[in-house]
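**Student:** Submitted below is the structure of interest, expressed as structure tokens.
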Amino acid sequence: MEELVRCPNCGASNPRSATWCGQCQTPFAPSVPAEQAVPSPSPSPPVAPEARQPEIVERPATESPPVTDLGLGTESEHGPFTVGEEGITWICGACGSSNPLDLPLCSVCGASFKDTVEPDERLPERDPNTTALVALVYPGAGFAYLGRWPEAIGRAVVGTFALSVALIAALVGSGSVSAVIGITYGVAAFGLWVLGVHDAYRAAQHQEALVVLKARMLLYILLGLLVLFLVLLVGAIVSRTSR
């Protein structure tokens, strides 16, 4: 049987007397190296390492280029930043809400971007149980014990207003309107007191996401109590003048 030679371009087997490859039509050199001869049916000799050509792998057109790792991820792994389809966002350290990078204040609780990326390390560490006991004294006392005075003042103002209206309605007023005012604001004052103890305990544990009354919510509660007080007061005046 006639010996076969392997094409140096495509590797196809051709008769030794062929002058060009029948597969890729590459012309053969006048003399074929002996190591390229492939006797049939015996296996072909291995190609010498120096004769091998480097394999070229082309990237498919549909394959996307590798993505460079920006080092930004979720808050628990890479800090208060995330990268998604909407761009880079920052996670509020007070309530855990996601905000655009160009927003200086949290859209949910109003905490500043600076407080998230640069927390105040000067605040003292307090025992959560002791903080809860201090918060029992008065609304906002627990946050004052933690050194967070803006929140302490805000809670004290709202709690004092609700408690004052309830006491005035109970001591001075008479009738159904005064009873409604006293009960409503007494329940509000008690709720603010209970939530103040809970929030102070969670804040001492650095569990800001579990704090119920954020700064913006306190503002909404104060405005709601003021509006309700004005409505009830106008109703009481109208009822007395109509008699």
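**Student:** If I model a spin label as a point 7 Å beyond the Cα along the Cα-Cβ vector, how far apart are those points for GLN205 and TRP149 in nm?
**Tutor:** 2.9 nm
**Student:** Can you pull the percent of the stretch 189-243's accessible area that's carbon plus sulfur, 1.4 Å probe, other chains left in place?
**Tutor:** Using a 1.4 Å probe with all protein chains present, the stretch 189-243 comes out at 75 percent carbon and sulfur.
**Student:** Leaving ligands, DNA and RNA out of it, work out the accessible area of ARG16 with a 1.4 Å probe and give it in Å² to the nearest 10.
**Tutor:** 100 Å²
**Student:** Using label points projected 7 Å from each Cα along Cα→Cβ, tell me how many nm separate TYR220 and LEU167, to one decimal.
**Tutor:** Taking the two extended label points, one gets 2.9 nm.
**Student:** To the nearest 10 Å², what's TYR138's accessible area with a 1.4 Å probe?
**Tutor:** Here the residue's solvent-accessible area equals roughly 90 Å².
**Student:** Might you work out the accessible area of LEU230 for me, using a 1.4 Å probe with all protein chains in place, and round it to the nearest 10 Å²?
**Tutor:** For LEU230, the solvent-accessible surface is approximately 100 Å².
**Student:** Could you sort ASP127, ASP115, ASP199 by accessible area so the largest value comes first, with the probe set to 1.4 Å?
**Tutor:** ASP115, ASP127, ASP199
**Student:** Can I ask one more? Largest first and in whole Å, what are the equivalent-ellipsoid semi-axes of the stretch 105-243 based on the Cα gyration tensor, each being the root of 5 times an eigenvalue?
**Tutor:** One finds semi-axes of 35, 17, 10 Å for the stretch 105-243.
The values are calculated or read from the model by the stated rules, or taken from the named source; none is laboratory data. Keep in mind the model is a prediction, meaning the values are calculated, not measured. Every residue, glycine among them, receives a Cβ derived from its backbone with ideal geometry; neighbour counts consider all protein chains shown. Protein only, heavy atoms only, side chains kept; ligands, DNA and RNA dropped before computing areas. Shrake-Rupley method; radii C 1.70, N 1.55, O 1.52, S 1.80 Å.
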